[in-house]
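First comes the structure, then the notes that go with it.
The values are calculated or read from the model by the stated rules, or taken from the named source; none is laboratory data. Small disclaimer: the values here were computed from a predicted structure and weren't measured. Here Cβ is always computed from backbone atoms with ideal geometry, including for glycine, and neighbour counts include all displayed protein chains. Side chains are part of the model used for accessible areas, which takes the heavy atoms of the whole protein and leaves out ligands, DNA and RNA. Shrake-Rupley method; radii C 1.70, N 1.55, O 1.52, S 1.80 Å.
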Amino acid sequence: MAEETYIIRTEGLTKLYGEKKAVDNLNLEIRKGEIFGLLGPNGAGKTTTTLMLLGLTEPSAGQAWIDGKDCTRDPIAVKRMVGYLPDNVGFYADMTGRENLRFTGQLNGLSRELTEERIADLLEKVGMTEAADQKTGTYSRGMRQRLGIADVLMKDPSVVIMDEPTLGIDPEGMRELMDLIRTLAVEEGRTILISSHQLYQIQQICDRVGLFVKGELIACGCIDELAAQTSQEGRYVLETSAIPNDGGYGELLKSLSNVERVERKGDYFMVESRWDVRRELGRRAVEAGYTIAHLRQRGDDLDEIYRRYFEKGDEKNEGSSGKNKGFLSRYRKER
């Protein structure tokens with residue numbers, strides 16, 4: 001793909017805080033009009049990367065560009081084309097949603113007529129027209145997030161960077177927010193960069209993802225590509241249940257060829273193996289008098305892909321596994 005189709009690029013981007021590398025030699029390319037998820041646990045370096053892209057902190061080494069503009073040397077030009085939605089959107093609590101947007105329009109030098117026109121359009125787009133004249137101090141977190149997107153779009157940016165946009169939002173609000181983000185990219189051609197640790201929600205909307213651990217980008221691509229790569233390396237996770245779904249079925253699963261681990265999770269058994277054991281399971285389940293009720297290979301789930309890459313990183317860096325597994329454990333409970 002031609003270089004000009006990439007609107008965000010970094011080369012060797014590095015940030016040091018003393019001896020700690022918050023971001024380590026980041027090489028990243030994000031295409032114009034795509035939704036890209038920068039995913040990883042808290043403390044992975046996602047926010048530091050965002051701050052360097054916005055020109056709010058200088059890199060220790062390397063460079064970053066947005067639409068050809070150097071993020072460090074020309075931060076004003078970058079800010080004109082980039083909208084930023086932080087993880088905790090702040091508004092003047094004693095002003096209404098409409099008044100807050102009007103203030104943002106004034107700060108960006110928009111004419112009064114264009115400001116009012118854009119406010120009306122954006123309030124409708126984010127579903128906040130009815131609440132527009134309420135004080136923002138009365139808003140729920142989901143309402144503030146939606147108003148935040150309207151606020152970001154007031155200056156009509158070509159790139160929107162969102163930091164944990166789904167955090168603390170109920171399922172219905174999350175669905176609406178995901179639909180809105182998809183609309184911004186598909187129908188309006190904006191490039192969306194989402195920084196998040198909520199893998200499952202982000203998986204549903206991103207065109208590509210980058211997996212970020214301890215300041216390093218350990219993998220980058222679409223979900224199918226990452227799943228295929230880890231499967232080829234001999235990692236499979238099978239989700240299954242049977243009738244009867246008892247301990248004997250669990251023991252049968254453990255006895256399958258090259259199975260490394262079997263774990264009971266709610267109604268299902270999770271089976272980790274070095275190759276696809278579905279055919280062998282089908283044959284042996286019948287022989288043992290079990291009827292398979294549920295069978296699904298989980299190779300295309302982002303949490304499983306992430307776990308595999310963590311394991312690869314642990315093989316290279318002893319001692320990091322405890323922190324990584326703790327993150328995955330918390331994530332699975334959140335789901």
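Residue 123 is checked against (1) open to solvent by 20 Å² or more (accessible area, probe 1.4 Å); (2) in a helix (DSSP H, G or I); (3) touching a Gly at 6+ places or on another chain (Cβ under 8 Å) and fails just one. What number does that condition carry?
It is condition (1) that residue 123 fails.
Which of the following residues is surrounded by 17 or more Cβ atoms within 10 Å (Cβ to Cβ) and either among the small types (Gly, Ala, Ser) or modelled with pLDDT of 95 or more (or both): 55, 68?
On inspection, the qualifying residue turns out to be 55.
So, in the stretch 186-195, exactly how many residues are open to solvent by 20 Å² or more (accessible area, probe 1.4 Å) and of a type in the set (Val, Ile, Thr)?
The qualifying residues number 1.
Counting only residues that are aliphatic (A, V, I, L, M), open to solvent by less than 40 Å² (accessible area, probe 1.4 Å) and in a strand (DSSP E or B), which one in the stretch 196-220 is farthest from residue 164 (Cα to Cα)?
219
Here is a yes/no grid of residues against (1) over 17 Å from residue 208 (Cα atoms); (2) surrounded by fewer than 20 Cβ atoms within 10 Å (Cβ to Cβ):
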position: 5; (1), (2): no, yes
position: 9; (1), (2): no, yes
position: 13; (1), (2): yes, no
position: 20; (1), (2): yes, yes
position: 30; (1), (2): no, no
position: 33; (1), (2): no, yes
position: 38; (1), (2): no, no
position: 42; (1), (2): yes, yes
position: 46; (1), (2): no, no
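Which condition from (1) touching a helix residue (DSSP H, G or I) at 6+ places or on another chain (Cβ under 7 Å); (2) closer than 29 Å to residue 214 by Cα; (3) touching a residue at least 40 places away in the same chain (Cβ under 8 Å) is the one that residue 105 breaks?
(2)
Name every residue in the stretch 268-288 that is among the basic types (Lys, Arg) and surrounded by 14 or more Cβ atoms within 10 Å (Cβ to Cβ), in order of residue number.
Within the stretch 268-288, 278, 284 qualify.
Go through (1) touching a strand residue (DSSP E or B) at 6+ places or on another chain (Cβ under 8 Å); (2) surrounded by fewer than 20 Cβ atoms within 10 Å (Cβ to Cβ); (3) in contact (Cβ under 8 Å) with a residue 60 or more places away in the chain one by one and return the number of the condition residue 82 breaks.
Tallying (1) touching a strand residue (DSSP E or B) at 6+ places or on another chain (Cβ under 8 Å); (2) surrounded by fewer than 20 Cβ atoms within 10 Å (Cβ to Cβ); (3) in contact (Cβ under 8 Å) with a residue 60 or more places away in the chain, residue 82 fails exactly one: (2).
On the given criteria, is residue 101 buried (at least 20 other Cβ atoms within 10 Å of the Cβ) and aliphatic (A, V, I, L, M)? Walk me through it before giving the result.
On the way: buried (at least 20 other Cβ atoms within 10 Å of the Cβ): yes; aliphatic (A, V, I, L, M): yes.
So residue 101 fits the description; yes.
Of the residues that make up the stretch 260-277, is at least one under 30 Å from residue 27 (Cβ atoms), within 30 Å of the chain's Cα centre (by Cα) and either in a loop (DSSP other than H, G, I, E, B) or modelled with pLDDT of 90 or more (or both)?
no
What number goes with the only condition from (1) touching a Leu at 6+ places or on another chain (Cβ under 7 Å); (2) in a strand (DSSP E or B) that residue 281 does not pass?
Here residue 281 meets the rest and fails (2).
Matching residues to (1) open to solvent by 40 Å² or more (accessible area, probe 1.4 Å); (2) not in a helix (DSSP H, G or I):
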site: 116; (1), (2): yes, no
site: 142; (1), (2): no, no
site: 160; (1), (2): no, yes
site: 177; (1), (2): no, no
site: 184; (1), (2): no, no
